[in-house]
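A.B. asks: Take a look at this one; I'll ask things after.
The values are calculated or read from the model by the stated rules, or taken from the named source; none is laboratory data. As the structure is a prediction and not an experimental result, all values here were calculated from the model. Cβ: placed from backbone, ideal geometry, glycine included. Neighbour counts: every protein chain shown. What goes into the accessible areas is simple: the full protein's heavy atoms, side chains included, and nothing from ligands, DNA or RNA. Shrake-Rupley method; radii C 1.70, N 1.55, O 1.52, S 1.80 Å.
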Amino acid sequence: FDLQGHRGARGLAPENTLAAFERALEIGVTTLELDIAITADGVPVISHDPALFEAITRDAQGQWLKERGPLIRSLTLAQLQAFDVGRSNPDSAYGRQFPTQAPRDGQRIPTLASLFRLVNAYGATGVQFNIETKINPLRPDDTVSPEVFVNTLLAVIRDAGMAQRVSVQSFDWRTLMRVQQLEPGLRTVCLSVQGGNNSTLADSRWTAGLQLSHYPSVAHMVKASGCPVWSPNFKDLSADAVKDAQAL
């Protein structure tokens, strides 16, 4: 059983901060789950959103952002470090979801490299990393290109010597296929949402041109993409879907 700390441990500490990852390590997770964005000066940082999220972000004066902040790709790392992400706004609908989250004022959006250093310092040599490329093919201007995204991410993973401990997951399968091409030994994880208006399987821009109508099942399409792991929304699962995945 793989016990993953989602965005570190966002129910207990501010999401995707070093404080949250440290809390997850204290709990004893086997995998740290996190999300990546790329700054204007080409640094992979840990953020679920491509832009600063107003429900968790305060400016240099300590004021909550009133609306969605600037895109991370438009800010250098130094500019990004001016913002505090050490707590959730208690007056926001998002913040009210996590009443047990302990604030850690002064936390900044961390670099991926700093997380690797934290885990090494902690001595957690067996802990894995499940890293999501936050990129949306329907909003190409929000992030760097898939090619630049993957190249930049892999450089930091390789530099830290973490390739054997990392899996890269994404709804945008273009990034996963590029990882497979450039770092064949690194595990890739196909994310999918099938139901409702947010289906990532109904539009082949999400799935690197693969079309579900060409395959007997989603699991078959995942197999064709080269991913050894499929992570669907749990609401999309059925007994038959699980059997398909197991058979493949």
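A.B. asks: If you check residue 2 against the conditions, is it open to solvent by 40 Å² or more (accessible area, probe 1.4 Å), in contact with a strand residue (DSSP E or B) (Cβ under 7 Å, 6 or more places away or on another chain) and modelled with pLDDT of 95 or more?
C.D. replies: Yes.
A.B. asks: If I filter the stretch 114-130 down to residues being assigned to a loop (DSSP other than H, G, I, E, B) and at negative phi, which single residue comes out as most open to solvent (accessible area, probe 1.4 Å)?
C.D. replies: The extreme case among them is 125.
A.B. asks: Got a number for residues in the stretch 155-182 being part of a helix (DSSP H, G or I) and either within 26 Å of residue 201 (Cβ to Cβ) or not hydrophobic (A, V, I, L, M, F, W, C) (or both)? Show your work before the answer.
C.D. replies: Let us first name the residues in the stretch 155-182 that are part of a helix (DSSP H, G or I), namely 155-159, 163-165, 173-182.
Checking which are either within 26 Å of residue 201 (Cβ to Cβ) or not hydrophobic (A, V, I, L, M, F, W, C) (or both) leaves us with 158-159, 164-165, 173-182.
Count: 14.
A.B. asks: Among the residues of the stretch 37-47 satisfying the criterion of being of a type outside the set (A, V, I, L, M) and within 13 Å of residue 132 (Cβ to Cβ), which is nearest to the chain's Cα centre (by Cα)?
C.D. replies: Here is the first cut: in the stretch 37-47, the residues of a type outside the set (A, V, I, L, M) are 39, 41-42, 44, 47.
Retained after the next criterion (residues that are within 13 Å of residue 132 (Cβ to Cβ)): 44, 47.
Working: 44: 11, 47: 7 Å.
Ranking the candidates gives 47 first.
A.B. asks: Only residues in the stretch 226-245 that are more than 15 Å from residue 200 (Cβ to Cβ) count as the first member; pair them with residues that are open to solvent by less than 70 Å² (accessible area, probe 1.4 Å) and among the aromatic types (Phe, Trp, Tyr), Cβ under 7 angstrom, at least 6 apart or cross-chain, and list the lot.
C.D. replies: The qualifying pairs are 245/230.
Conditions tested, residue by residue: (1) part of a loop (DSSP other than H, G, I, E, B); (2) modelled with pLDDT of 95 or more; (3) among the basic types (Lys, Arg); (4) under 18 Å from the mean Cα position of the chain (by Cα).
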| position | (1), (2), (3), (4) |
| --- | --- |
| 16 | yes, yes, no, yes |
| 29 | yes, yes, no, yes |
| 32 | no, yes, no, yes |
| 35 | no, yes, no, yes |
| 49 | yes, yes, no, yes |
| 67 | yes, yes, no, no |
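A.B. asks: How many residues, within the stretch 7-18, are over 22 Å from residue 189 (Cβ atoms) and surrounded by fewer than 24 Cβ atoms within 10 Å (Cβ to Cβ)?
C.D. replies: Adding up the residues that qualify gives 3.
A.B. asks: When residue 151 is evaluated against the numbered criteria (1) without any contact (Cβ under 8 Å) to a residue 60 or more places away in the chain; (2) in a loop (DSSP other than H, G, I, E, B), which criterion, by number, is the only one it fails?
C.D. replies: It fails just one condition, (2).
A.B. asks: Could you list, in sequence order, all residues of the stretch 183-211 that are in contact with a helix residue (DSSP H, G or I) (Cβ under 6 Å, 6 or more places away or on another chain) and either among the charged types (D, E, K, R) or more than 19 Å from residue 237 (Cβ to Cβ) (or both)?
C.D. replies: Residues satisfying the conditions are 183, 186, 188, 208, 210.
A.B. asks: Okay, moving on. Sort out which residues of the stretch 37-67 are closer than 15 Å to residue 16 by Cβ, without any contact (Cβ under 8 Å) to a residue 60 or more places away in the chain and open to solvent by 40 Å² or more (accessible area, probe 1.4 Å), and write them in order of number.
C.D. replies: The one that is closer than 15 Å to residue 16 by Cβ, without any contact (Cβ under 8 Å) to a residue 60 or more places away in the chain and open to solvent by 40 Å² or more (accessible area, probe 1.4 Å): 53.
A.B. asks: So, one more: Hey, can you tell me all the residues within the stretch 223-243 that are in contact with a Ser or Thr (Cβ under 9 Å, 6 or more places away or on another chain) and not in a helix (DSSP H, G or I)?
C.D. replies: Step one: list which residues in the stretch 223-243 are in contact with a Ser or Thr (Cβ under 9 Å, 6 or more places away or on another chain), which gives 225-233, 236, 240-241.
226, 227, 228, 229, 230, 231, 232, 233 - these are the residues of the stretch 223-243 that are in contact with a Ser or Thr (Cβ under 9 Å, 6 or more places away or on another chain) and not in a helix (DSSP H, G or I).
A.B. asks: Of all residues being within 19 Å of the chain's Cα centre (by Cα) and outside any loop (DSSP other than H, G, I, E, B) in the stretch 183-204, which is surrounded by the fewest Cβ atoms within 10 Å (Cβ to Cβ)? Just the residue, please.
C.D. replies: 198
A.B. asks: Residue 170 passes all but one of (1) among the small types (Gly, Ala, Ser); (2) within 29 Å of residue 75 (Cβ to Cβ); (3) out of contact with any strand residue (DSSP E or B) (no Cβ under 7 Å at 6 or more places or on another chain); which number fails?
C.D. replies: So residue 170 meets the others, but not (3).
A.B. asks: While we're looking at this one, here's another question. Among the residues of the stretch 212-222 satisfying the criterion of being in contact (Cβ under 8 Å) with a residue 24 or more places away in the chain and part of a loop (DSSP other than H, G, I, E, B), which is most open to solvent (accessible area, probe 1.4 Å)?
C.D. replies: First pass over the stretch 212-222, keeping only residues in contact (Cβ under 8 Å) with a residue 24 or more places away in the chain: 216-220, 222.
If we keep only those that are part of a loop (DSSP other than H, G, I, E, B) as well, we get 216-217.
Working: 216: 110, 217: 18 Å².
My answer is 216.
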